Amino acid sequence: MGIANYLSSERLPQPFLMARVSISLYASVRDAAGESHLEMEVKDMHGLLRGLAERFGEGMQALIGPEGGAGDLVVLLNGMNIDLSTWSRPLTDGDEVSVFPPISGG
C-alpha cells in the first residue's frame, strides 16, 4: 500500500486528518480579518484559532488571546455555542464555524 493510500485510508486516526471548514467572522472579528467569510483546512478548533491569528496578524491575535484560547470570543460550531476551554473534538469536513466578539450590554 502506497503512502497516499494509507493517508486516505480509514486506518489513520481521526485527530490526524485535516478538515475543510467554513468560517464566518462578525463585527470586530471581521474588521480584524478584513473579510467576513473564508475556508480553512484544520484539525481542531484550537488549530483554527491559531490559524486565524497567524493569517490575520496582530489585530486578530489580540482578539483570540494568548495560546489561541479565544479570550472572550463567542464561537459557534454548526450553530451550537461551544465552550473552548473544554472542547477537544476534531473538526470534520463541512463544519461551519461562526466567530463573534465578546457579547456585552447592559
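What does the extension gain come out to for SER85 and SER22, with contour length at 0.36 nm per residue minus their alpha carbon separation?
Numbers: separation 63, 0.36 × 63 = 22.68 nm, distance 2.15 nm.
Stretched fully, the SER85-SER22 segment lengthens by 20.5 nm.
Please report the projected area of the stretch 16-100's Cα convex hull averaged over all directions, in nm².
Working: hull surface 19.3 nm².
Projected over every direction and averaged, the Cα hull of the stretch 16-100 covers 4.8 nm².
Values quoted throughout were computed directly from the atomic coordinates according to the rules given, and no laboratory measurement underlies them. Treat the numbers as computed from the prediction; the structure is a model and nothing was measured.
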